[in-house]
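**Student:** Before I ask anything, here is the structure I am working with.
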Amino acid sequence: MKENIVMSGMRPTGMLHLGHWEGALKNWVALQEKYKSYFSIVDWHALTTDYQNPENIDSYIQETLIDWLSVGIDPEKSVIFVQSSIKEIAELYLLFSMIVPLGWLERVPTFKEQQLQLKDRDINNLGFLGYPLLQTMDIIIVRGNMVPVGEDQVFHLELAREIVRRFNNLYGEYFSEPKEFLTPVPKLLGTDGRKMSKSYDNSIFLSDSAESVEAKIRPMKTDTRRQRRTDPGVAEDCPVYSIHKSFSSENEKESIVKDCASASIGCIDCKKILIKNLNNFLEPVRERREKYKNTDTKEILDNGAKKARAIASETLENVRELMKV
Ligand code: TRP
Ligand code: SF4
């Protein structure tokens, strides 16, 4: 049986929020206990869309790293590194570019969607077209086969498997097919009831203070049925409850559903419970953040790069041999 190896990555695009925790980081923290794990800050991927404004990428790398460490990604247990420090990825990408049909990349839904969405910039580039191929290289260069990501990445993983299959068919069964590892919880909603996203200005950040958590939850809209304190509501239709789902205990959730329906709890008290639970969750995160502020983050990344490079260069050697170059 093949060993399970965990690999995942995030683009350095700024502060991480509770949606990142629920959608991915929570899994990463759990998986690092059981499996060899590689976590990459994928700065080349950030460049595929932000090549015109690269000046923030360096500071975002730092922020991303500190956010990861503060939620408990542990450099003693996981290999944490910056993508661009492993140049082997670029060579592997070049070699694979020989065998990946253009059509496979052109039909990736995000390719057209993002071009329509990011109207302010031109991303009709080879680099952006190759985004999913680069992601595949991230994974297989460290022989990753278990990829904890959000649902939006499923298509990329399907494509990764196709690419791996094509390689194996051409040159021999070398890579194992990577598989996505999803969280069972649905998307976390933001303070406005839409999906939590930095671009919607509805996020609770991993680095938010207790006061700012309170200031964000207090004014939240609740179920529209609860116009007056005495009007009963339906928790399932309430954005406040949607966050309770991820951060409150089973008991609390049960009582809230009941007490909301009978109007025996007011929305202010319901929000207070949520604020308390969010801050209970974030308190140890804040403590770790303080601790890591005084440690040498460069050393953490250098160490990670060294370990990642060791396996990456071995993979690349083998691929060169198989491809006769
Ligand atoms: N495309 C991923 C995202 O936007 C980021 C990513 C790049 C990634 N390389 C990866 C995720 C490798 C998992 C494995 O979230
Ligand atoms: Fe939402 Fe809680 Fe108010 Fe019910 S009591 S509407 S769940 S905030």
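**Student:** Which ones in the range 232-243 are out of contact with any Lys or Arg (no Cβ under 6 Å at 6 or more places or on another chain) and assigned to a loop (DSSP other than H, G, I, E, B)?
**Tutor:** Selection gives PRO232, VAL234, CYS238.
**Student:** Any residue in the range 295-315 that is more than 16 Å from ligand 2 (Cβ to nearest atom), modelled with pLDDT under 95 and outside any helix (DSSP H, G or I)?
**Tutor:** Looking for residues that are more than 16 Å from ligand 2 (Cβ to nearest atom), modelled with pLDDT under 95 and outside any helix (DSSP H, G or I), one finds at least one in the range 295-315, hence yes.
**Student:** Among all residue pairs at least 6 apart or on different chains, which show Cβ distances below 7 Å where the first residue, located in the range 97-118, is farther than 11 Å from PRO132 by Cβ and the second is open to solvent by 100 Å² or more (accessible area, probe 1.4 Å)?
**Tutor:** Cβ pairs passing all conditions: GLN115/ASN124.
**Student:** Right, something else. Give me a count of the residues in the range 144-198 that are of a type in the set (Phe, Trp, Tyr) and either more than 20 Å from the chain's Cα centre (by Cα) or under 20 Å from THR315 (Cα atoms) (or both).
**Tutor:** 4
**Student:** Mind checking which residues of the range 121-134 are more than 17 Å from LYS87 (Cβ to Cβ), assigned to a helix (DSSP H, G or I) and not aliphatic (A, V, I, L, M)?
**Tutor:** Across the range 121-134, the qualifying residues are PHE128, TYR131, PRO132.
**Student:** Another question, if that's okay. Can you name the residue in the range 239-294 that is open to solvent by 30 Å² or more (accessible area, probe 1.4 Å) and β-branched (Val, Ile, Thr) and, of all such residues, is nearest to GLY19 (Cα to Cα)?
**Tutor:** Across the range 239-294, the extreme among qualifying residues is ILE273.
**Student:** Hey, another quick one. Go through the range 95-114 residue by residue and tally those that are surrounded by fewer than 16 Cβ atoms within 10 Å (Cβ to Cβ) and more than 14 Å from ligand 1 (Cβ to nearest atom).
**Tutor:** Here the count works out to 10.
**Student:** How about the range 144-199: which of its residues are under 30 Å from LYS324 (Cα atoms) and part of a strand (DSSP E or B)?
**Tutor:** MET146, VAL147, LYS179
**Student:** Still on this structure, I have one more. Please enumerate the residues belonging to the range 132-180 that are farther than 30 Å from MET196 by Cα and open to solvent by 20 Å² or more (accessible area, probe 1.4 Å).
**Tutor:** Of everything in the range 132-180, those that are farther than 30 Å from MET196 by Cα and open to solvent by 20 Å² or more (accessible area, probe 1.4 Å) turn out to be ARG143, GLU162, ARG165, ARG166, ASN169, LEU170, TYR171, GLY172, GLU173, TYR174, SER176, GLU177.
**Student:** Can you tell me which residues in the range 200-231 are away from ligand 2 (no atom under 16 Å from the Cβ) and assigned to a helix (DSSP H, G or I)?
**Tutor:** Result: TYR200, ALA210, GLU211, SER212, ALA215.
**Student:** Have a look at THR230, THR224, THR183 and point out the one that is within 30 Å of ARG166 (Cβ to Cβ) and either free of Cβ contacts under 8 Å to residues at least 40 places away in the same chain or open to solvent by less than 50 Å² (accessible area, probe 1.4 Å) (or both).
**Tutor:** Checking each option against the conditions leaves just THR183.
The values are calculated or read from the model by the stated rules, or taken from the named source; none is laboratory data. None of the values given here were measured: they were computed from a predicted structure. Note: ideal-geometry Cβ built from the backbone for every residue, glycine included; neighbour counts use all protein chains shown. SASA here: full protein model, heavy atoms, side chains in, ligands and nucleic acids out. Shrake-Rupley method; radii C 1.70, N 1.55, O 1.52, S 1.80 Å.
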